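Asks: Just dropping this structure here.
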């Protein structure tokens, strides 16, 4: 069996806004984890989009799959892949 390496995108930039404060993050499409890259929890990593969203929202009752939005991506973002 021959294995073919594909150039799949591993991380998708996402963002969410709560009470006027914007938070950006990266969604790891291999395991659905989220790493916050700006905002009040910068540097924190969560096991799912919902766990990350609930850490930002008071009270923590939100579906992270609907809270987060994909950020616009330009092709130059993939130049180093």
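Asks: Identify the single condition in (1) within 9 Å of the chain's Cα centre (by Cα); (2) modelled with pLDDT of 95 or more that residue 42 does not satisfy, given that it satisfies every other one.
Replies: Among (1) within 9 Å of the chain's Cα centre (by Cα); (2) modelled with pLDDT of 95 or more, residue 42 violates only (1).
Asks: Identify all residues within segment 52-64 that are in contact (Cβ under 8 Å) with a residue 12 or more places away in the chain and surrounded by fewer than 16 Cβ atoms within 10 Å (Cβ to Cβ); write none if there are none.
Replies: Selection gives 57, 63.
Asks: Kindly indicate the residue of segment 25-45 that is out of contact with any helix residue (DSSP H, G or I) (no Cβ under 8 Å at 6 or more places or on another chain) and not in a strand (DSSP E or B) and also nearest to residue 11 (Cα to Cα) among those meeting that condition.
Replies: 29
Asks: With the requirement that a residue be on the phi < 0 side of the Ramachandran plot and in contact with a strand residue (DSSP E or B) (Cβ under 6 Å, 6 or more places away or on another chain), what does segment 34-56 give you?
Replies: 34, 35, 36, 37, 38, 42, 44, 45, 46, 49, 52, 56
The values are calculated or read from the model by the stated rules, or taken from the named source; none is laboratory data. These numbers come from a predicted model, not from an experiment. Virtual Cβ from ideal backbone geometry, glycine too; neighbours counted across all protein chains shown.
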